[in-house]
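Enquirer: Below you'll find the structure I mean.
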Amino acid sequence: MLWMVSARADDFDHHDPMRIDPAGITRLALDQGGLVSRRQAAELGFDDAAISRRVKAGLWGSYLGCLVVGSQSAGSDLRDAWAVRVRLGPNAVLSGATALRLTGWSIDDRRLVAWCPATEHSRVPGVLLLRDAIERRTRRGPAGSVALPGDALLDLIRVADELEVPALIDLGVRHRVFVPGRVAALVAGRLGRGRTGAQRLAALVEHVDGGTRSAAERLVPPLLKRTRIRGWVSNYPIYDARGKVLAELDFALPELGLCLEIDGHAFHSTRADFERDRVRQNLIVNRGWLVLRFTWQRLRDEPDVVVAEIRAAVALRRRILAA
């Protein structure tokens, strides 16, 4: 966005009591995605009155506590990245959904999340600012440090609404940043009474490290209990003749050769995922297993039908084995 007005910077300069550097602030803004801080403007000779006159006239704008001088950076994520850097300084880390999108993830969440050291006490309206002693793992982004996906997603979970958390957990599982057995170490230091989102992170550890691997899979155990059929095993491995694991079944009834495969919120996020799943299912069937597939939507919306289908499959396998 370009701030187009009839007034020019030169029209204001003779009114300014301080020695200003209009060319300098223009160059600085170009280097910072069109944004400068009030402190930077003051260092270039613009006092509060000079800034106010330009903002009031529409020559400059404002965004998240920054001054918009000239042209804003293209794209809202890039603009937000520069706003975090300019407003919070070089020690700040861009996190949450913005960091995930800049890393290449597809996620529709417009909350702006950032982290800065606990010793720094800046507050920025419009930014969900986290302060703790856990330094984020980062990469160099277009406007400063960007949290790596694991940390960025954890920070988003901490500030998300309760109903959004299962889908975010599932997203992390599908992208393999939340791996069973490793989540406790990932959240270490973020738990504790009074810390933002600590209860949600504790639930994350329980759900992922507890043996199930997606939000959809967490809906299955209560339904299996309703079938009144014993012997179900989660994450059941299938081995080849050399003892190598060929596949891991979401839920299996080994005595009947029946398994349930669960598709979560973010299932088949890429074409490659879709193709790998088809190869995997053929392998399971060729090993003699009957495979039932259930989506998250069906587990949530049609639990009675799902229970009936499982019971019917169990009855079928028993008849076949008894013949």
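Table: residues versus (1) at pLDDT below 80; (2) of a type in the set (Lys, Arg); (3) not assigned by TED's automatic domain parsing to the domain that holds Glu164.
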{"site": "Ala202", "(1), (2), (3)": "yes, no, no"}
{"site": "Pro237", "(1), (2), (3)": "no, no, yes"}
{"site": "Arg242", "(1), (2), (3)": "no, yes, yes"}
{"site": "Leu258", "(1), (2), (3)": "no, no, yes"}
{"site": "Ala266", "(1), (2), (3)": "yes, no, yes"}
{"site": "Arg271", "(1), (2), (3)": "yes, yes, yes"}
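Enquirer: Quick check on region 137-145. Is at least one of its residues at pLDDT 90 or above, farther than 15 Å from Thr98 by Cα and within 16 Å of the chain's Cα centre (by Cα)?
Expert: Yes, because at least one residue in region 137-145 is at pLDDT 90 or above, farther than 15 Å from Thr98 by Cα and within 16 Å of the chain's Cα centre (by Cα).
Enquirer: Something else about it: Give Val84, Val124 a once-over and let me know the one that is of a type in the set (Val, Ile, Thr), assigned to a loop (DSSP other than H, G, I, E, B) and crowded, with 17+ Cβ neighbours inside 10 Å.
Expert: Val124
Enquirer: Step by step: first the residues of region 30-49, then only those that are surrounded by fewer than 22 Cβ atoms within 10 Å (Cβ to Cβ) and among the hydrophobic types (A, V, I, L, M, F, W, C), then the one that is farthest from Val86 (Cα to Cα). Which residue is that?
Expert: Here the residue is Ala49.
Enquirer: Among the numbered conditions (1) within 28 Å of Ser52 (Cα to Cα); (2) in a helix (DSSP H, G or I), tell me where Ile169 comes up short.
Expert: If we test Ile169 against (1) within 28 Å of Ser52 (Cα to Cα); (2) in a helix (DSSP H, G or I), just (1) comes out false.
Enquirer: Report, ordered by the first and then the second residue, all pairs with beta carbons closer than 6 Å, sequence separation of six or more or different chains, a first member in region 231-254 that is within 13 Å of Arg280 (Cα to Cα) and surrounded by 13 or more Cβ atoms within 10 Å (Cβ to Cβ), and a second member that is modelled with pLDDT of 90 or more and acidic (Asp, Glu).
Expert: Asp250/Glu261
Enquirer: What about Ala29, is it among the aliphatic types (A, V, I, L, M), without any contact (Cβ under 8 Å) to a residue 12 or more places away in the chain and more than 26 Å from His175 (Cβ to Cβ)?
Expert: No: the conditions fail for Ala29.
Enquirer: Go through region 276-323 and report how many residues are of a type in the set (Asp, Glu) and in contact with a Cys (Cβ under 9 Å, 6 or more places away or on another chain).
Expert: Looking only at that region, the number is 0.
Enquirer: Within region 88-116, can you find the residues that are surrounded by 13 or more Cβ atoms within 10 Å (Cβ to Cβ) and either of a type in the set (Ser, Thr, Tyr) or assigned to a loop (DSSP other than H, G, I, E, B) (or both)?
Expert: The answer is Gly89, Asn91, Ala92, Ser95, Thr98, Thr103, Trp105, Ile107, Asp109, Arg111, Leu112, Cys116.
Enquirer: Can you tell me which residue in region 146-165 is surrounded by the fewest Cβ atoms within 10 Å (Cβ to Cβ), limited to those that are modelled with pLDDT of 90 or more and small (Gly, Ala, Ser)?
Expert: Here the answer is Gly150.
The values are calculated or read from the model by the stated rules, or taken from the named source; none is laboratory data. If you're wondering where the values come from, they're calculated on a predicted model, not measured in any experiment. Using ideal geometry, Cβ is built from the backbone for each residue, glycine included, and neighbour counts are taken over all protein chains shown.
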